[in-house]
Ligand code: PMP
């Protein structure tokens, strides 16, 4: 993020738009990194926050409160299988730290496998599981193994998910006692550059991990909460059921809220000691989370993400036909990536050009993100209320910016 040259001072937001201090309007196609799900300052969410803030802001972790129970129940309804117990946190980092600790406690093992290119957070454990040097400080990183990324565009095995999965088996056989605590992955890597895991990968890895006694953790911080359109959770597109699901960002529409959902049997491990989180699950944030869920359902935002996302992807694919620079267009729903390369055969990352496109688009009133290990992937993760006209405007502005390269 530190490389954005011209910063805009945003002072207000409404639906899919942001406004700077001079009153200039921007179409927001990044949504605070896939964070604003139902639109900036959605009135239902705002009024819930105001109402809850004026009634009770904090109950401490000692007492019961409806807001937390109502959100836990609503989340459980959205989950497959026996994923029925929720713990609330203040961020995605905290959710993933907790999930990895639960996996370690439940299995009695320490080793965790994560994917190269993954981003899972910025505290000691999650920074260890994060696998891009850009995002790692020099910390002691114990018990994490980084498996080959099943990246269909740049990965060594193309789209053959099962071949990549054999690397996880090798890591277990040659890098551990044969038993592991677990495996953590996003369904579509966000920071990694909107990378969709190769088909067949997750089912094969989940089965390998289970055989090694480990738990499978789905990090739904970016891909969850209806963003991928076809499903509410990103993992569902892969036909797997995780043991633990973590979420943040979209669950709160901008409010600091994260959650870990798991089974009653696995959740039991936290009763071995005292466990608390002062602000995790406070009534304001959990009430907001429930309001977000209701808006997503009431306004059919998952269906919108599917329809508008598919339309936008089609328009962006046509830009790939038009410009040599566009090496790959990928993603699902309103989580789309465009990888820019200076040479299609060599896939040479067009890093400076990506920055340039981003800047030009900003000057024309469109905010887009970037990411990927080489910083050459434009990331499109707008609020889920993005409309077809927005998709057209976005694609036209991108077309113009690419034409000026
Ligand atoms: N997991 C994923 C997939 C993320 O994208 C992020 C944030 N970029 C995190 C975890 C960490 O979330 P937070 O910044 O809320 O700690």
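Scanning region 280-290 for residues that are part of a helix (DSSP H, G or I) and more than 20 Å from the chain's Cα centre (by Cα) yields 283, 284, 287.
Within region 23-38, the set of residues being over 21 Å from the mean Cα position of the chain (by Cα) and either under 17 Å from residue 284 (Cβ atoms) or in a loop (DSSP other than H, G, I, E, B) (or both) comprises 23, 24. Filtering region 39-77 to residues that are touching a strand residue (DSSP E or B) at 6+ places or on another chain (Cβ under 9 Å) and in a loop (DSSP other than H, G, I, E, B) leaves 39, 41, 42. Against the conditions (1) farther than 27 Å from residue 253 by Cβ; (2) part of a helix (DSSP H, G or I), residue 306 satisfies every one except (1). Here residue 13 meets each of (1) modelled with pLDDT of 95 or more; (2) out of contact with any helix residue (DSSP H, G or I) (no Cβ under 6 Å at 6 or more places or on another chain); (3) within 16 Å of the ligand (Cβ to nearest atom); (4) not in a helix (DSSP H, G or I) with one exception, condition (3). Do we have any residue at all in region 267-275 that's modelled with pLDDT of 95 or more, touching a strand residue (DSSP E or B) at 6+ places or on another chain (Cβ under 6 Å) and more than 16 Å from the ligand (Cβ to nearest atom)? Scanning region 267-275, I find at least one residue that is modelled with pLDDT of 95 or more, touching a strand residue (DSSP E or B) at 6+ places or on another chain (Cβ under 6 Å) and more than 16 Å from the ligand (Cβ to nearest atom), so the answer is yes. Residues in region 91-124 that are part of a loop (DSSP other than H, G, I, E, B) and more than 16 Å from the ligand (Cβ to nearest atom) were compared, and the one that is surrounded by the fewest Cβ atoms within 10 Å (Cβ to Cβ) is 108. Residue 92 meets all of the listed conditions (1) in contact with a helix residue (DSSP H, G or I) (Cβ under 7 Å, 6 or more places away or on another chain); (2) at pLDDT below 95 but one, namely (2).
What tally of residues in region 287-329 results from selecting those that are touching a strand residue (DSSP E or B) at 6+ places or on another chain (Cβ under 8 Å) and closer than 12 Å to residue 226 by Cα? Number satisfying all stated conditions: 1. Put simply, of 242, 256 the only residue that is within 15 Å of the ligand (Cβ to nearest atom), within 18 Å of residue 99 (Cβ to Cβ) and surrounded by fewer than 21 Cβ atoms within 10 Å (Cβ to Cβ) is 256.
Is it the case that region 137-157 has a residue that's touching a residue at least 24 places away in the same chain (Cβ under 8 Å) and assigned to a helix (DSSP H, G or I)?
no
The values are calculated or read from the model by the stated rules, or taken from the named source; none is laboratory data. These numbers were taken from a predicted model, which means no experiment stands behind them. Because the Cβ atoms are built from the backbone with ideal geometry, glycine has one as well, and the counts that use them run over all protein chains shown.
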